[in-house]
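The values are calculated or read from the model by the stated rules, or taken from the named source; none is laboratory data. From a predicted model like this one, the values you see are computed outputs, not experimental measurements. Virtual Cβ from ideal backbone geometry, glycine too; neighbours counted across all protein chains shown. The protein model used for the area step is the full one, side chains on, heavy atoms only, and it has no ligands, DNA or RNA in it. Shrake-Rupley method; radii C 1.70, N 1.55, O 1.52, S 1.80 Å.
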Amino acid sequence: MRNCFSLLLVFLISFQFSFSQNNISSPEKFFGFVPGSDRNLFNYEKLIGYLQDVDENSDRMVLREAGNSPMGKPMYIAFFSAPENLAKLDELKEINRKLAIDADLEEEERNKYFSEGKVFVMAALSMHSSEVGPSQSAPVTAYDLCTTTDEDKLSWMKDVVYMMIPSHNPDGMDMVVNYYNSTLNTKYEGASLPGVYHKYVGHDNNRDFVILSQEDTKVIAKIYNTEWYPQVFVEKHQMGSTGPRYFVPPNHDPIAENINEGIWNWTGLFGANLIKDMTYEGLEGISQHYLFDDYWPGSTETCIWKNVIGFLTEAASVKTATPIFVEPTELRVGGKGLSEYKKSINMPLLWPGGDWKLSDIVEYEIVSTESILKTAYNHKKDILKFRNDLCKKQVELGKTMAPYYYILPLEQHDKSELVKLVNLLKEHGVEVYSLKKEVYYDNIRFSEGDIVVPLSQAYRAFIKEVMEDQEYPVRHYTPGGDVIKPYDIASWSLPLHNGVKSFEIESKIPGIESSLIMINEEYNLCSEKEDSKYILFSLDLNESYKIAFLSASLNMKPERITKELTINGKSFPKGSFILQNENSESFNNFIAENVSVSPVYIDEKPATEKFKVPAIALVETYFHDMDAGWTRFVFDSYSIPYKVLRPGDIPKATLNDYDVIVFPSSDKSQLLSGKRKAGDSYSVSSYDPKYTKGMGKEGLKKLMEYVHKGGDIVSWGQSTSLFEGMHTINLSDNKTEEFNLPFRDISAKLSTEGLYCPGSLIRMKIDANSDITLGMPEECGIFYRGKPVFQTSQPYFDMDRKVIGTFPDKDILMSGYIEEGEKLANKAIMIWLKKGEGQMVLMGFNPQFRSSTHVTYKLLFNSLLLK
């Protein structure tokens, strides 16, 4: 009787399972087209709607909300695995956590977790939203995994949990899809989206995984840093159309030296299986050891510094969803790893050219995903063991190899940046402590409250990478040959980039462990609000500018002190902000929510002037203008009001409505003509011409007239070249005036002499007698890329100039890499110009570079407030 009942139960479960799986709509039925078919795209809401439908009808998938995008769209993780695994997902999550960060696991417990645990493979799709293929393949993968009867795939899911982020960038996905659909059957079909495919940063969302400034970045990083601890991570991208069809690991040199060799070996294994499996399936043009290095953190592969086996894949692109045809004569390669488009060890099966479609990309994505899951399945125990082995190794290295700690004194020039840095490290999953009593190291006294970051942690590699000064690992293509140049940047040191003093401790400090208190809550340096008539916010703190702009927007009427003030031996720079101390619930909440460092409470009001919020125009092109996007983000973060001004609108705009016009780094020819110039020739973009209008000569003339009559301009990076050379303006008496501003850029000459700087932190000496440098130390690091370099000259007519920042004569490089850096010695890099009644601030560096250079924020803020 029992056997009959058991058989009946098995039949009923099987019937219910079969019925449930058969209730899943096919992607074609749900969307009305086959995903990947020509000229068809679904948007983010449709994608999530399909996955919700699968979730309701399958026991092989669970959909969980993970957070929100910058524009408020919910972001999800879709978990695919065997039903019994999904039923105990939170239990498996805890096993992941222990294997990832618990270095004290006993062997018996480890073996239990190796047996009971599963390999979690996390895949984030289409973070760069113009790269539509990975997200468009998601429903096909979901349907297959939830309906398959393939015994191999069913076996994979018994030991693997596939964590799909269906769209890393939901906001951008909708922007791209909606724009593409609006251009169908026009000559602009397949053109790039005008502007950035993100609320702020566009393509640079893959440069944010150290700073964690963007909401979608925070969501993804939290998943692997402190929440789910997957053992394997892949970010799926697309690349150019006329080279290899697909890139898989391993990457090319240089590689990060702080990463354990095991990570590189594992990514190599996954890559070897990818190229093997994809080629076996007849997929041509698979490349590896090509173009992409793995030296710098900041991309999603920052996870490898957290002991995750992390890598990217890259598929050749089409025109969004419009097919292309590539002539064999158009096929080419460039960069590291492939010098000719020929059969080689790095691309053993060539793609011959011809038609290339979105359906091809979808096929490559599906096969590559299956290969990754199969590799994870075949090496389940070794992968789980490797994760905890590496955790133990990193902790032991922190105990036995220098450096042992980083100590950040409580006394800092800008304490608000110390607070941000502590909380950022904690967000990364790093354990941070404070001293409860003083300790000594190398004749340095560290005091109670100073911050200590021990390196005896699972994430030791990450701590060391972001806390030390960077020294680029110089590698050559051949012995004594050309240096392999960085793919992106060469400096990211959090203390240096944020102006926080940090000490690298090279020997153990006896007894320090017993003097540490872990910081568990959000860190701040606030004491209780005091009763007083006024509150003083020092200009030394970046945070004070946010308080000023935000309080002004709330009509709290902030003021600024008109000269330097000393209180109890501490100096407060001219321009520091004052608020009247209101005893109201709303005001107290304002202070509690926005102040992280205790201000100074005073009863006697010093000499002040009204804080005037300038009317700001921010010039942003439609050419995927990421630097302008980052500027918008910084302004929004500090409650600085502005209006976006397009270059093509400048000739007809009423510029006198603005006190300041800001030009983030942008190509001069695009600002002027809407075209990119290379040498003596121009190239036209694929954009609809309404998005490519430059300001033209009339617009530039109008800008110079704006300055002459009292307007201010702040410009940095490439856009400074806009103001070089001869200008013509109309004067009020119907006369014209021709003039050259008293500066020129000499970087081209220095470059021919060997100067090369690929994005490094360079030392700058500061003129302390300028209102532009209020609140700044005597020198700081600037994020610099080798140009421009300014040479000022004697002014004439109604012009003037002043050098605000110069390179020192030695010790120029602080972090990163530079060639022939001595050629910068004593050259100008930041200048102030006067023309008529107006003024200009030109910076040869990006003061807000990717929101990662807080050390130079005050130079930007002060430049806005010169009126």
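Cβ separations smaller than 9 Å between residues 6+ apart or across chains give the following pairs from the stretch 833-853 residues that are over 28 Å from TYR200 (Cα atoms) to residues that are aromatic (Phe, Trp, Tyr) and not in a strand (DSSP E or B): LEU833/PHE723; LYS835/PHE797; GLY836/PHE797; GLY838/TYR706. Residues of the stretch 280-299 include at least one that is more than 23 Å from LYS464 (Cβ to Cβ), open to solvent by less than 50 Å² (accessible area, probe 1.4 Å), in contact with a Ser or Thr (Cβ under 8 Å, 6 or more places away or on another chain) and among the hydrophobic types (A, V, I, L, M, F, W, C). Restricting attention to the stretch 211-241 and to residues that are outside any helix (DSSP H, G or I) and among the small types (Gly, Ala, Ser), the residue that is least open to solvent (accessible area, probe 1.4 Å) turns out to be SER213. Cβ-Cβ distances below 6 Å connect the following pairs, each with a first residue in the stretch 801-813 that is among the basic types (Lys, Arg), a second residue that is part of a loop (DSSP other than H, G, I, E, B), and a separation of six or more residues or different chains: ARG801/PRO742; ARG801/PRO795. Taking the stretch 477-507, which residues are closer than 21 Å to GLY786 by Cα and more than 22 Å from the chain's Cα centre (by Cα)? Scanning the stretch 477-507 gives ASP482, VAL483, ILE484.
When residues in the stretch 115-136 are screened for being open to solvent by 10 Å² or more (accessible area, probe 1.4 Å), touching a helix residue (DSSP H, G or I) at 6+ places or on another chain (Cβ under 7 Å) and not in a loop (DSSP other than H, G, I, E, B), 1 of them pass. Screening ASN178 on (1) part of a helix (DSSP H, G or I); (2) open to solvent by 40 Å² or more (accessible area, probe 1.4 Å); (3) more than 29 Å from SER241 (Cβ to Cβ) shows it passes everything except condition (3). Within the stretch 621-636, residues that are farther than 15 Å from ARG207 by Cα have Cβ atoms under 6 Å from residues that are surrounded by fewer than 21 Cβ atoms within 10 Å (Cβ to Cβ) and aromatic (Phe, Trp, Tyr) in these pairs: TYR622/TYR691; PHE635/TYR642, counting only partners at least 6 apart in sequence or on another chain. Count of the stretch 554-570 residues, restricted to those that are open to solvent by less than 80 Å² (accessible area, probe 1.4 Å) and of a type in the set (S, T, N, Q), is 1. Taken over the stretch 505-522, residues that are in contact with a strand residue (DSSP E or B) (Cβ under 7 Å, 6 or more places away or on another chain) and open to solvent by 70 Å² or more (accessible area, probe 1.4 Å) amount to 2. Of all positions in the stretch 682-703, at least one carries a residue that is assigned to a helix (DSSP H, G or I), touching a helix residue (DSSP H, G or I) at 6+ places or on another chain (Cβ under 7 Å) and open to solvent by less than 20 Å² (accessible area, probe 1.4 Å).
For the stretch 351-362, state whether one or more residues are open to solvent by 50 Å² or more (accessible area, probe 1.4 Å), aromatic (Phe, Trp, Tyr) and farther than 20 Å from SER514 by Cα. For the stretch 351-362, residues open to solvent by 50 Å² or more (accessible area, probe 1.4 Å), aromatic (Phe, Trp, Tyr) and farther than 20 Å from SER514 by Cα: absent. Out of SER456, SER434, one residue alone is among the small types (Gly, Ala, Ser), over 17 Å from SER493 (Cα atoms), buried (at least 18 other Cβ atoms within 10 Å of the Cβ) and out of contact with any strand residue (DSSP E or B) (no Cβ under 8 Å at 6 or more places or on another chain). It is SER456. Candidates are the residues of the stretch 797-841 that are of a type in the set (Phe, Trp, Tyr) and modelled with pLDDT of 95 or more; the one that is farthest from ASP771 (Cα to Cα) is TYR817.
Condition check ((1) under 27 Å from LEU421 (Cα atoms); (2) in contact with a Leu (Cβ under 7 Å, 6 or more places away or on another chain); (3) assigned to a loop (DSSP other than H, G, I, E, B); (4) open to solvent by less than 30 Å² (accessible area, probe 1.4 Å)) across all residues:
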| site | (1), (2), (3), (4) |
| --- | --- |
| PRO788 | no, no, yes, yes |
| TYR796 | no, no, yes, no |
| VAL803 | no, no, no, no |
| SER815 | yes, yes, no, yes |
| GLU822 | no, no, no, no |
| ILE829 | no, no, no, yes |
| LEU833 | no, yes, no, yes |
| MET840 | no, yes, no, yes |
| LEU859 | yes, no, no, yes |
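Entry remark, the stretch 523-551: residues being outside any loop (DSSP other than H, G, I, E, B), among the aliphatic types (A, V, I, L, M) and either more than 21 Å from ASN583 (Cα to Cα) or open to solvent by 10 Å² or more (accessible area, probe 1.4 Å) (or both) number 2 in total. For the residues LYS342, LYS385, LYS380, LYS357, the requirement of being in contact with a Pro (Cβ under 9 Å, 6 or more places away or on another chain), at pLDDT 95 or above and of a type in the set (Lys, Arg) singles out LYS357.
Checked against the criterion of being among the charged types (D, E, K, R), without any contact (Cβ under 8 Å) to a residue 40 or more places away in the chain, in contact with a Ser or Thr (Cβ under 6 Å, 6 or more places away or on another chain) and within 18 Å of ASP625 (Cα to Cα), the candidates LYS677, LYS668 yield just one match: LYS677.
Being basic (Lys, Arg), within 24 Å of TRP492 (Cβ to Cβ) and either in a loop (DSSP other than H, G, I, E, B) or modelled with pLDDT under 95 (or both) is not true of LYS187. Find the residue count for the stretch 676-697, including only residues that are touching a strand residue (DSSP E or B) at 6+ places or on another chain (Cβ under 6 Å) and either modelled with pLDDT under 85 or within 21 Å of PRO788 (Cβ to Cβ) (or both). Residues that pass the stated criteria total 1. Can you list the strands (runs of 3 or more DSSP E) lying wholly within the stretch 720-783 that have 1 or more residues being within 27 Å of the chain's Cα centre (by Cα)? Fully inside the stretch 720-783 and qualifying: 760-766.
Quick check on the stretch 142-175: of everything there that is of a type in the set (D, E, K, R) and more than 18 Å from MET122 (Cα to Cα), which residue is surrounded by the fewest Cβ atoms within 10 Å (Cβ to Cβ)? It comes out as GLU151. Among the residues making up the stretch 33-47, those that are open to solvent by 10 Å² or more (accessible area, probe 1.4 Å) and aliphatic (A, V, I, L, M) are VAL34, LEU41.
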